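Below you'll find the structure, written out as structure tokens, and then a few comments.
The values are calculated or read from the model by the stated rules, or taken from the named source; none is laboratory data. If you're wondering where the values come from, they're calculated on a predicted model, not measured in any experiment. Don't worry about glycine lacking a Cβ; one is built from the backbone with ideal geometry, like all the others, and counts go over all protein chains shown.
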Amino acid sequence: MSGESAVIRLGHDLVRNFQMLPREQAATEIATHIAKFWEPRMRHELMAHVRLGDMAMHPLLVAAAEHFVDHEINRGDLREASG
Amino acid sequence: MTLIVEPDYGTPAVRGGADARVTIDGREITVPAGTSVLRAAKEAGIDIPKLCATDSLKAFGSCRLCLVEVEGARGTPASCTTPCADGMVVSTQSEQVVEVRRGVMELYLSDHPTSCAGCARGNCEMQDLAHQVGVDTVRYGLGGVSHLAEPADTTNPYFAYEPSACIVCSRCVRACGEIQGTFALTVQGRGFDSRITPGGTDFLSSECVSCGACVQACPTDALTEKSVIDLGMPSRSVLTTCAYCGVGCSFKAEVRGSGSESRVVRMMPWKDGGANEGHSCVKGRFAYGYASHRDRQLHPMVRDTIGEEWRVVSWDEAIRRVAEGFRSLQGRFGAGAIGAISSSRCTNEEVYVVQKMVRAAFGNNNVDTCARVCHSPTGFGLGQAFGTSAGTQDFASVDDCDVILLVGANPTDAHPVFASRMKRRLREGARIIVADPRRIDLVRSPHVEAAHHLPVRPGTNVAFVNAMAHVIVTEGLHDVDFLRERCEDASDYLTFIAGAEHSPEATADVTGIPAEELRAAARLYATGGNAGIYYGLGVTEHSQGSTMVMGLANLAMLTGNLGREGVGVNPLRGQNNVQGSCDMGSFPHELPGYRHVSREDVRAIYDDLWGVRISPHPGLRIPNMFDSAVGGTFKGLFVQGEDIAQSDPNTAHVESALKSMELVVVQDLFLNETARFAHVFLPGTSFLEKDGTFTNAERRINRVRPVMPSPTGKDEWEIVCDIATAMGYPMSYAQPSEIMAEIASTTPTFAGVSFERLDAEGSMQWPVNDAAPHGTPTMHIGQFVRGLGHLATTHYVPTTEVTGHRYPLVLTTGRILSQYNVGAQTRRTANSTWHPQDILEIHPADAEPRGISSGDVVELTSRVGSTHLTAEVSERMPPGVVYTTFHHPVTGANVVTTENSDWATNCPEYKVTAVQVTVVTETVRAAYEESVATATGSVR
Amino acid sequence: MTTVWVPCDAAALSVGAEAVATALAAVEGVTVRRNGSRGLLWAEPLVEVETEHGRVGYPNVTPELVEEVLAGSAPSLGVVEEHPWFARQHRVTFVRVGRIEPTDIAAYRELGGFAGLSRALTLTPQQVVGEVTASGLRGRGGAGFPTGIKWETVRTAAADVKFVCCNADEGDSGTFADRMLIEGDPFSLIEGMAIAAYAVGASEGYVYLRSEYPHAVTTLRRAIDIAYAHGMLGESVAGSGHRFDLEVRVGAGAYICGEETSMLDSLEGKRGEVRAKPPIPALVGLFGRPTVVNNVLSLGTVPMILADGGTAYGALGTGRSRGTQVVQLAGNVARGGIVECDFGTPLRTVVEDFGGGTLSGRPLKAMQVGGPLGAYVPASHLDLPLDYEAFAEAGAMLGHGGVVLFDDTMDASAMARFAMEFCAKESCGKCTPCRIGSTRGVEVIDRIRRREDLEANVELLGSLCTTMTKGSLCAMGGLTPMPVQSALTHFPEDFGLAAEGSRT
């Protein structure tokens, strides 16, 4: 197992699946997904990585995390059946 | 309650309106034309003697007991093969008929034991029939040629073949063919020498899959459950539901004795069971012995550290330990430091109380279910596409399929009863496309041949499904009207999928599927008539599991294959109550009925009812729990009936997580692998003791009824309530029906469900509400639950688990017929006769350079671990891909599987692990074989 | 230059025809041609030498007689077609057998072959069926069901594919007409099947031919190949645009596979087992599709019917038995072979005039007519006409037209026992009366033959026969009592009972 932290690994899984979208849209999608499915302490851990300037973080994940801080998540997205 | 004896109408019902009025022995009855005279008579209350006819099989006409006279027709035709026509006048008791019947019965009895053991125990129809027909003496005497001295075949662990009792009615042969579709049995020889045989060998060595259909069909004692021979005939029946796979078969548990003295004699599939219609498989029919296995734990136990021996304690003490321990952890590490995992093996009611305990007593959303590791992408993907996290059809829908697209599923092993139904449809002429790296039985087996086998390389599903959609769209085979009327604007998707990079030619190198074969399959799916998609864990357990589910939904929407019988997108659920456990709010982000925890309106319902404030934030998923445990922020776990240490991927990581926790509570039947890391063990109940409901893969809510009281002194839902209460949140119900009442009152899709209604209806498929009071067999008729269907853009993203120099082969995993998941139950039954250890299938091209021959013990190594198992060189796998099952802890296949998971749901990527395979030394081989022998010996 | 004809029919081969042909071919100036058998099995190997008067026949030729044959000094039958045994017959179905080389398609055409098919293709399918119906042709396999009605059922059935199956599993003892037609004139069967296929809309055909007939298999396969090569089979039969593919499937030695539904099971690759009817094969036959199942002789007669018109064929015969019957004389008979004559001809004509009585010279006691399931007809019934209904009335059946003679040394009880024994061995084993009843029948007859509890056992045998007759699924079990009961009725003394007529 790699030494990569779990939240970074999971975040990068999201990056791989959204990076083909336009950057802003991708960041929103990732942020929305995190808001819907991640337990708050995982989110906090991710933010900690951003704050520490973790060089291993993909820029899109950083953007998503910042996006998440900067913008209010559209509550309407959360009303979808979530699976 | 007494023994339920279902009426046998002799021949199957005929579809159609009643349009033939016939007179039988002076009684008039109107039936659909084509109904047999035998059945019409039975419906009119007239019992015509019969032996070869039974209503689960087509009329055969061999026993010649059901002869009748028809006015204006010649001779004495058999009523089973004579269809009713309007105006027909039938006599079932004319002098001539009675005489011939007696003559036939006398012939039967001249080759039947006078002291028939079956007749004596009431398991043979011959004596009753002789009486009914009026034969008391056999004029031929008993000195003639006979088959009475033929030796019995007792090789099958569950049933015996006693040829002396066999009347060669072929019911067994026909059941094996028509119902099960295995064709293991035949009649050998001609004339008087005609005998039933499992293909000229003994039952155990034969193709027989022990589904039990032949035993059920046998009118005499020739094929009898050994348990009936050992215990005698049962005295009462309890209608209940099988606790193995997601088919959810209905059974009559046939029992002797009452109360705690109850003993299951046999499990008989129930003809009126909505899911199985009277059929069964080797697991549900026979493998129930684990419930009374000596390994079964009946007392609560505790210990301070996992190195200590267990101490049996009272329920009170055990529950106090759990409650105090959890509260203490929360005090020290925060409310989120504990959580629970509910089980898809438990009832809806048992699961519901676990999530309630977590949300109301624990005060967080840290509840997850083992569906996380199997079908969570189904919930996500179908929810995104259609608006609800469930399959679209009932099982009967396959009867109307013209084309079946089977992806990443092996129903003949994992969902055998549904597979039989599918095979029946295939024999009727439907065509099947199999997309699976392995040459599963449905690629080619007796009377089944796939139109196309697409050997998709593990990890490339999305490339494959995109290529299918590409062909459909670029060749103009899509249903433009359906897309316009039923779906959101699909233009983005259509543009995306038409891209040349998705063409079969462009993706062939990635998927391993020849382009022309894929094109032909896509055309067949799009133009072959009603097309139904059926899929399994070969779709979900990937890093793009959710994307693939959406890709399949896209195929169905593109071709308009939704919203009627014979079509749809159908997940084959792995466990009996995967659907139900998900429905019950077992996910950390949603409340019962798939409603997100952030929804204030929904939280308000529960806040008001429960008198708490539910957290609006998602909780931890199972893998997050493990990660957090290793990280030191997650300290206590309640595990309900799931063996995470064996079933979850990357065993070393799971074990280190478990070791990091201060309080692990396991509620199970057995001291499973996870219990090795537990501090409190709470004995659970088997399905034979449960009172509640299971929800199967077709959203069918089936009742589970107790055959006997819990031998532990507590039902599982009671334990959970007791823990919550001891933690300061009082939870109590008088009966499980009250739990269902609470579910119904809070969950719109369950609004019309109650035990009372279920008992009356037999079963119901959700949604059950005012709009659909009897349930909903087919979903999305007219419009989708979410309104318009959503076609997601499904980019193919290769998995990061790639082969290379060190790990050049891809390992994929699956199930085998006789074993079930981690084997906790089936390994404790005679099912291990067929599959005593996990086997690694490897292609000759991979085996030869490694010096591997069938039977060699090999080491299987991935980047996270290594294990041992026995190799079988086989061309079922393509070169470069190896396959094994994960039923046996001796091998513990998940030692090698990795932490990779579905991007959306974290469902583990079980189906793709880069591995190396090597032959082991003689010493290692000996050690492995000894551990297999020990394990086998200890559970048998 | 002399042309001689030596039959290649299996019956001729079995008595040395090949050696004779080899010996003849070794003589310079002799051309040996091979024909089917003329049906004078008592004269085989029957060598015919072409002369200006016609083909002169020499009976029972051996290689030693070759020189004499060529010199014309061997015992001779004269011109074969003028010989009374041959000339008194009315050859319709067998009109070409023995006259031509079996797979000589030009000769076949020259002697009227393909005229029926050519005419059929000018008619609508419905008209073709109409011709067959008008001919009164009834199934020659034994059941005697009107062929036209069967065809009409298949013709009007809707299906993606339909089949024509020829039942050539000629398993009845003492019968050989199917074999001789296939070995002697295979194109007549192929043509008949092509006509049937056109009439009912079938595109595929199978001939189910028993493995005991290896020569017939070879000949028919060769003929089919030739027919394909000449465009009479395949994509466009005789240029009509109608596709018809034909294939030979070889049986595996089970008598029951001569029963049409068992035959269909066997053709499908299954264990040959009788199917319950309904549904009838005409609607649910091979692979569940509408299927014509006809005997070789029925199909082999169809070309004549179409060539000459149904009414011409229907003008022959008597009552509801129209056309000709191909009788096969066998057993203890002086002159065995094929006798084709119009329906209505008395049995006596066949047995005495053609057959010449018993081979042993002893008095005729009985004939078993219609195969192993046929009745034993006593010598006193020789005046019965060849007629389905007359036979039925007499408690017998014509069946496939086999007549096996027995002299006065026959023990009728042994023959009754044999009937049951045959059934016990050859029953498909599906239905109980046939499967168990036949074995019990053997046992009961054994007790009767040992005179054990005679009266009770005779009564039991009667009861068993009723059970089998009325209770069996198919004709096998249903008819097995026929030889048994006819033996008992006509020859009670062989069972230790008072003679016929003296019983109360």
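Among helices (runs of 4 or more DSSP H) lying entirely in the range B:617-725, which contain 3 or more residues that are hydroxyl-bearing (Ser, Thr, Tyr) and at negative phi?
The helices (runs of 4 or more DSSP H) meeting that bar are B:651-660.
Looking for whichever is outside the structural domain of B:ALA414 (by TED's automatic domain parsing), surrounded by fewer than 21 Cβ atoms within 10 Å (Cβ to Cβ) and either among the hydroxyl-bearing types (Ser, Thr, Tyr) or touching a helix residue (DSSP H, G or I) at 6+ places or on another chain (Cβ under 9 Å) (or both) here; the options are B:ALA340, B:ALA323. Which one fits?
B:ALA323
For the range B:210-220, state whether one or more residues are touching a residue at least 60 places away in the same chain (Cβ under 8 Å), touching a helix residue (DSSP H, G or I) at 6+ places or on another chain (Cβ under 8 Å) and over 27 Å from B:ILE167 (Cα atoms).
Within the range B:210-220 (the criterion being touching a residue at least 60 places away in the same chain (Cβ under 8 Å), touching a helix residue (DSSP H, G or I) at 6+ places or on another chain (Cβ under 8 Å) and over 27 Å from B:ILE167 (Cα atoms)), the answer is no, since none of the residues qualifies.
Please enumerate the residues belonging to the range C:68-92 that are touching a residue at least 40 places away in the same chain (Cβ under 8 Å) and outside any loop (DSSP other than H, G, I, E, B).
Correct list: C:VAL69, C:LEU70, C:VAL80, C:TRP85, C:PHE86.
In a helix (DSSP H, G or I), in the same structural domain as B:HIS415 (by TED's automatic domain parsing) and not polar (S, T, N, Q), is that true of B:VAL473? Before the answer, list the steps.
Values: in a helix (DSSP H, G or I): yes; in the same structural domain as B:HIS415 (by TED's automatic domain parsing): yes; not polar (S, T, N, Q): yes.
For B:VAL473, the condition - in a helix (DSSP H, G or I), in the same structural domain as B:HIS415 (by TED's automatic domain parsing) and not polar (S, T, N, Q) - is met.
Has the range C:167-186 got any residue that is more than 15 Å from the chain's Cα centre (by Cα) and surrounded by 24 or more Cβ atoms within 10 Å (Cβ to Cβ)?
No: the range C:167-186 contains no residue that is more than 15 Å from the chain's Cα centre (by Cα) and surrounded by 24 or more Cβ atoms within 10 Å (Cβ to Cβ).
Anything in the range B:659-674 that is surrounded by fewer than 21 Cβ atoms within 10 Å (Cβ to Cβ) and within 17 Å of B:LYS635 (Cα to Cα)? List them, or say none.
B:LYS659, B:SER660, B:GLU662, B:LEU663
Each row is one residue, and each column tells you yes or no for (1) surrounded by fewer than 24 Cβ atoms within 10 Å (Cβ to Cβ); (2) of a type in the set (A, V, I, L, M); (3) within 24 Å of A:GLY11 (Cα to Cα).
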position	(1), (2), (3)
B:CYS582	no, no, no
B:SER586	no, no, yes
B:LEU609	yes, yes, no
B:LEU620	no, yes, yes
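Considering only residues that are at pLDDT 95 or above and at positive phi, which ones fall in the range B:1-25?
Within the range B:1-25, B:GLY10, B:ASP25 qualify.
Which pairs turn up if I take residues in the range B:412-432 that are over 12 Å from B:SER445 (Cβ atoms) and look for partners that are hydroxyl-bearing (Ser, Thr, Tyr) and crowded, with 22+ Cβ neighbours inside 10 Å with beta carbon separation below 8 Å, at least 6 apart in sequence or on another chain?
Listed by first residue and then by second, the contacts come to B:VAL417/B:SER280.
Output the number of residues of the range B:743-774 satisfying the condition of being surrounded by fewer than 20 Cβ atoms within 10 Å (Cβ to Cβ) and not small (Gly, Ala, Ser).
Qualifying residue count, the range B:743-774: 10.
Quick one: which of C:GLY174, C:GLY231 is free of Cβ contacts under 8 Å to residues at least 40 places away in the same chain, more than 14 Å from every other protein chain (Cβ to nearest Cβ) and either among the aromatic types (Phe, Trp, Tyr) or part of a loop (DSSP other than H, G, I, E, B) (or both)?
Checking each option against the conditions leaves just C:GLY231.
Taking only pairs six or more apart or across chains, which ones have beta-carbon atoms under 8 Å, a first residue in the range B:540-560 that is away from chain A (no Cβ under 12 Å), and a second residue that is surrounded by fewer than 24 Cβ atoms within 10 Å (Cβ to Cβ) and of a type in the set (Lys, Arg)?
Once the first residue is away from chain A (no Cβ under 12 Å) and sits in the range B:540-560, its partners that are surrounded by fewer than 24 Cβ atoms within 10 Å (Cβ to Cβ) and of a type in the set (Lys, Arg) give B:MET557/B:ARG486; B:GLY560/B:ARG486.
Considering only residues that are β-branched (Val, Ile, Thr) and either at the interface with another protein chain (Cβ under 10 Å from one of its Cβ atoms) or free of Cβ contacts under 8 Å to residues at least 12 places away in the same chain (or both), look in the range B:60-92 and name the one that is surrounded by the fewest Cβ atoms within 10 Å (Cβ to Cβ).
B:THR76
Anything in the range C:253-271 that is acidic (Asp, Glu) and buried (at least 21 other Cβ atoms within 10 Å of the Cβ)? List them, or say none.
If the condition is that a residue be acidic (Asp, Glu) and buried (at least 21 other Cβ atoms within 10 Å of the Cβ), then C:GLU259, C:GLU260 are the ones that fit.
Within 30 Å of C:ALA254 (Cα to Cα) and of a type in the set (Ser, Thr, Tyr): is that true of C:THR175 in this structure?
Yes; evaluated as a whole, the condition is true for this residue.
Scan the helices (runs of 4 or more DSSP H) fully inside the range B:112-187 and keep the ones with 2 or more residues being more than 12 Å from chain C (Cβ to nearest Cβ) and closer than 23 Å to C:GLY429 by Cα. Write out each step before concluding.
Numbers: elements: B:117-121, B:126-133, B:171-174.
Counting at least 2 such residues, we get B:126-133, B:171-174.
Residues to consider are C:LEU473, C:LEU464; find the one that is crowded, with 24+ Cβ neighbours inside 10 Å, touching a residue at least 40 places away in the same chain (Cβ under 8 Å) and on the phi < 0 side of the Ramachandran plot.
Numbers: C:LEU464 fails: touching a residue at least 40 places away in the same chain (Cβ under 8 Å).
After applying the criteria, what remains is C:LEU473.
So which residues in the range B:379-394 are at negative phi and facing another protein chain (nearest Cβ under 8 Å), if there are any at all?
The answer is B:GLY379, B:PHE380, B:GLY381, B:LEU382, B:GLY383, B:GLN384, B:THR388, B:SER389.
Test of understanding: among B:ASP316, B:ASP399, which residue is surrounded by fewer than 18 Cβ atoms within 10 Å (Cβ to Cβ) and free of Cβ contacts under 8 Å to residues at least 12 places away in the same chain? Working first, answer last.
Working: B:ASP399 fails: free of Cβ contacts under 8 Å to residues at least 12 places away in the same chain.
None of the other options fit; the residue is B:ASP316.
Just for strands (runs of 3 or more DSSP E) wholly inside the range B:343-458: which have at least 3 residues that are under 30 Å from B:GLU516 (Cβ atoms), under 20 Å from the mean Cα position of the chain (by Cα) and aliphatic (A, V, I, L, M)?
B:403-407
Are there any helices (runs of 4 or more DSSP H) wholly within the range A:1-64 with 1 or more residues that are more than 13 Å from every other protein chain (Cβ to nearest Cβ), within 12 Å of the chain's Cα centre (by Cα) and without any contact (Cβ under 8 Å) to a residue 60 or more places away in the chain, and if so which?
Answer list for the range A:1-64: A:23-37, A:40-52.
In the range B:188-209, which residue that is among the acidic types (Asp, Glu) and in contact (Cβ under 8 Å) with a residue 24 or more places away in the chain is farthest from the other protein chains (Cβ to nearest Cβ)? First the steps, then the outcome.
First, the residues of the range B:188-209 that are among the acidic types (Asp, Glu): B:193, B:202, B:207.
Now drop any that are not in contact (Cβ under 8 Å) with a residue 24 or more places away in the chain, which leaves B:202, B:207.
Numbers: B:ASP202: 20, B:GLU207: 16 Å.
Taking the candidates together, the pick is B:ASP202.
Here is a list: C:VAL61, C:VAL32. Which entry is assigned to a loop (DSSP other than H, G, I, E, B), in contact with a strand residue (DSSP E or B) (Cβ under 8 Å, 6 or more places away or on another chain) and among the hydrophobic types (A, V, I, L, M, F, W, C)?
C:VAL61
Please find, within the range B:419-438, the residue that is farthest from B:GLY566 (Cα to Cα) out of those that are surrounded by fewer than 18 Cβ atoms within 10 Å (Cβ to Cβ) and among the charged types (D, E, K, R).
The extreme case among them is B:ARG427.
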